[in-house]
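The values are calculated or read from the model by the stated rules, or taken from the named source; none is laboratory data. If you're wondering where the values come from, they're calculated on a predicted model, not measured in any experiment. Note that we place each Cβ from the backbone using ideal geometry, even for glycine, and neighbour counts take in every protein chain shown.
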Amino acid sequence: MDREHALRRIAELSREIERHNHLYYVEAAPVISDRDFDHLLKELEELEARFPDLADPNSPTKRVGGDITKSFPVVPHRYPMLSLSNSYSREEVAEFVARVEKAVGSTTYVMELKYDGVAISLTYADGQLVRGVTRGDGEKGEEITANIRTIRAIPLKLRGHDWPKEMEVRGEVVFTRKQFDKLNEQRRRDGEEPYANPRNTAAGTLKLQDSAEVARRGLDNFIYGLQSDHLPSRSHYQNVLKAHEWGFRTPDPQRRFIGQAQDLEGIMAFIDHWDTHRHQLEMDIDGVVVKVDDLRVQEELGLTAKSPRWAIAFKFQAEQALTVLRNVIFQVGRTGAVTPVAELEPVLLAGTTVKRASLFNADQVARLDLHIGDTVRVEKAGEIIPQVVGVELKERPAHAHRVHFPHDCPECGTPLIRLEGEAQHYCPNEHLCPPQITRRIEHFVARKAMDIEGLGGETVEELFRAGLVRNVADLYDLTEAQLLGLGKGWGEKSARQVVEGVAASRAIPFEQVLFALGIRHVGETVAKRIARAVGDIDTLMGMGQEELERIDVVGPVIAESIVDFFAAPGNRAVLERLRSAGLQFAVLERKGPASDKLAGKSIVVSGVFRNFSRDGIKETIEAHGGKVSGSISRKTSFVVAGDDMGPAKRAKAEELGVPVIDEDEFTRMIGE
Ligand code: IVH
């Protein structure tokens, strides 16, 4: 194909693909199959590969990502991104309406959903998406265009012709619940911790450096505002709806996703509707936003220091529900920690049926003074796991039994212990208590530990029940024949996968092996640091409490736990078998420090970073001789603050006079 021909075909394909994207993601009315769509996309990709200079930065092929952004440049917003003042009651909304009317007389209001996600600003020039920027501090934000392009609900080129030449479109990037669940399912399959809530996950995803990963995760976008000197209408409502013609997904008035009202009653009707119906939506909202519709009236009302006088957010209460406490069970974890869990009469809460809720520890049980049969209040506040927050004492049935934290392990009967200063109770019978054994094995095989494929929680329990695996060393004696002998559910393929997975784990580095052993208080990072500090397991085994405490991450609690672990004859026997099985018991190469620029510094990291993952920044600090510490104290040399460092931490640093530096300053400091 010649160039000219290719140019025409590329334009044609781009238009066609974007038309189908729009039909699928904005109109929810696809007209071709996914297969046919992929076919078109593939043809375009091939053409662009053959004629790279003809590829457009806003080509629909860019939506699958691939660009790696090393750092996100900070750019100013042409129009500041303001925040809203919040209200929580009808009275506060009434005061808002009264204030507006006192200033400008009666006027029209627009009500919108308050999407619970991450604010972004999209700049369009001549109908082309040129930039996607985070809110940042409201004045300037980070440019994350490559990631934004992967969001299919965002048009890369505007449709029609009557859009302003220059325009900023404001909206919220979210995960729909369905997409979020899908992502977490995948993570569970990969042995990774599921994410706790869609909002934070959306924020983290937008800051990923690999846009292909962003594309895979499937973010979504809802728009709620336009900024330009040449908007088509003086009505905010009309402008938002007009954006539909330009290719944006806009809220449907028929479904009450946006509404108009003349007074408080109309506003409250919209709010009340969504307070009760919000769980039917495909994404989380945390309230309703009320805005004055007329842009000239908005201007007249003006701004306060931080937020406009022409808008207010009504925030919904954290979802609560009343239900009956049927029972409290006490779960025993890998380390023997005993966690009380409430079993509830199933109740619908925030869109899901809740049957269990966390009670954390004995103190919480005592504080709530729970009785079986109590009517309890459960709450879901942003997080996925609900909690019991209170008891309706008036509803308590006569002669109800108080819940007592057990003295003995509910699984093996051993008396529980509670270490001083800790909230948890423990079952000390670590070698014989069944759930401790199986969870330890589950921990051992997990991805961040020995990374053994084909073994999950259920399989481990099955192997334990069948008597094939009673400790982690037994894994290395498993044979395909034994697994096939288990019968149902086992085939040659799955049996081979497990045996091969176990064999492959012999190559897992010592740092991970040490973590996999599941020594109490020795998490992933601590294990890594200890492994690098001591070099091999024999040295570690020979170290006493004091010697251990000389390792920078090791305090008395960790040191004691390590000494106890290696002193137990049962553990020693297992370790010797693991050694014979050929596991890595020494670090392979000792990486020397990159520099000693941070030697002697104790550094706290907080927030999300552009150029580093959380682990990455910690490793970099260590590579330059610094020490990472978890909490701010007078000994802290400085804090490296990423985005959204919590205000409490910031205040603490200020109070103790600890300097806070940002990522760029940190990068300059280490000279990278
Ligand atoms: S309007 C000046 N409308 O809430 C008004 N914001 O604190 C600027 N949000 O950062 C915002 N849904 O991320 C507006 N329908 C909506 C919204 C909305 C969610 C977020 C937005 C903003 C925060 C306000």
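Listed values, structure above:
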{"item": "Only listed residue being modelled with pLDDT of 95 or more, buried (at least 21 other Cβ atoms within 10 Å of the Cβ) and within 29 Å of Ile267 (Cβ to Cβ), chosen from Gly132, Gly171", "result": "Gly171"}
{"item": "Identity of the residue in the stretch 34-68, of a type in the set (A, V, I, L, M, F, W, C) and assigned to a helix (DSSP H, G or I), that ends up surrounded by the fewest Cβ atoms within 10 Å (Cβ to Cβ)", "result": "Ala49"}
{"item": "Filter result (at pLDDT below 85 and part of a loop (DSSP other than H, G, I, E, B)) within the stretch 361-394", "result": "Ala381, Gly382, Glu383, Ile384, Ile385"}
{"item": "Residue match in the stretch 182-195 (condition: aromatic (Phe, Trp, Tyr) and touching a Ser or Thr at 6+ places or on another chain (Cβ under 6 Å))", "result": "yes"}
{"item": "Number of the exception - Arg78 against (1) under 27 Å from the mean Cα position of the chain (by Cα); (2) within 16 Å of the ligand (Cβ to nearest atom)", "result": "(1)"}
{"item": "Members of the stretch 447-476 that are under 32 Å from the mean Cα position of the chain (by Cα) and surrounded by 20 or more Cβ atoms within 10 Å (Cβ to Cβ)", "result": "Ala449, Met450, Ile452, Leu455, Thr459, Val460, Val472"}
{"item": "Subset of the stretch 89-127 [within 16 Å of the ligand (Cβ to nearest atom), over 30 Å from Val75 (Cα atoms) and among the acidic types (Asp, Glu)]", "result": "Glu92"}
{"item": "Helices (runs of 4 or more DSSP H) within the stretch 206-314 that include 3 or more residues within 26 Å of the chain's Cα centre (by Cα), more than 14 Å from the ligand (Cβ to nearest atom) and surrounded by 16 or more Cβ atoms within 10 Å (Cβ to Cβ)", "result": "211-217"}
{"item": "Lone unmet requirement of (1) assigned to a helix (DSSP H, G or I); (2) without any contact (Cβ under 8 Å) to a residue 40 or more places away in the chain; (3) surrounded by 13 or more Cβ atoms within 10 Å (Cβ to Cβ) for Arg439", "result": "(2)"}
{"item": "In the stretch 597-628, the residues that are part of a loop (DSSP other than H, G, I, E, B), at pLDDT 85 or above and crowded, with 19+ Cβ neighbours inside 10 Å", "result": "Leu598, His624, Gly626"}
{"item": "In the stretch 149-178, the residues that are more than 23 Å from Glu112 (Cα to Cα) and either of a type in the set (Ser, Thr, Tyr) or within 15 Å of the ligand (Cβ to nearest atom) (or both)", "result": "Thr150"}
{"item": "Verdict on Gly138 being crowded, with 20+ Cβ neighbours inside 10 Å and within 13 Å of the ligand (Cβ to nearest atom)", "result": "no"}
{"item": "Criterion (charged (D, E, K, R) and crowded, with 23+ Cβ neighbours inside 10 Å) met by exactly one of Arg149, Arg159, Arg177", "result": "Arg149"}
{"item": "Search result, residues across the stretch 112-136 that are of a type in the set (A, V, I, L, M) and touching a residue at least 24 places away in the same chain (Cβ under 8 Å)", "result": "Leu113, Val118, Ala119, Ile120, Leu122, Ala125, Leu129, Val133"}
{"item": "Among (1) modelled with pLDDT under 90; (2) loosely packed, with under 15 Cβ neighbours inside 10 Å; (3) farther than 16 Å from Thr335 by Cβ - the single one Arg572 does not satisfy", "result": "(1)"}
{"item": "Test result for Tyr109, out of contact with any His (no Cβ under 8 Å at 6 or more places or on another chain) and buried (at least 17 other Cβ atoms within 10 Å of the Cβ)", "result": "yes"}
{"item": "Criterion violated by Arg199 - all others in (1) closer than 16 Å to Phe72 by Cβ; (2) out of contact with any helix residue (DSSP H, G or I) (no Cβ under 9 Å at 6 or more places or on another chain); (3) of a type outside the set (Asp, Glu); (4) part of a helix (DSSP H, G or I) satisfied", "result": "(1)"}
{"item": "Residue list for the stretch 315-348, restricted to those being over 25 Å from the mean Cα position of the chain (by Cα) and among the basic types (Lys, Arg)", "result": "Arg326"}
{"item": "Cross-chain or 6+ apart pairs with Cβ under 9 Å, the stretch 405-423 first and without any contact (Cβ under 8 Å) to a residue 40 or more places away in the chain and surrounded by fewer than 15 Cβ atoms within 10 Å (Cβ to Cβ), then outside any loop (DSSP other than H, G, I, E, B) and among the charged types (D, E, K, R)", "result": "Pro415/Asp408"}
{"item": "Test for Ala318: is it modelled with pLDDT under 95, within 30 Å of Asp564 (Cβ to Cβ) and out of contact with any helix residue (DSSP H, G or I) (no Cβ under 6 Å at 6 or more places or on another chain)", "result": "no"}
{"item": "Residue list for the stretch 240-269, restricted to those being small (Gly, Ala, Ser) and more than 25 Å from His230 (Cα to Cα)", "result": "Ala261, Gly266, Ala269"}
{"item": "Pair list, Cβ under 8 Å, 6 or more apart: the stretch 30-53 residue more than 15 Å from Glu18 (Cβ to Cβ), other residue surrounded by 11 or more Cβ atoms within 10 Å (Cβ to Cβ) and small (Gly, Ala, Ser)", "result": "Leu47/Ala6; Arg50/Ala6; Phe51/Ala6"}
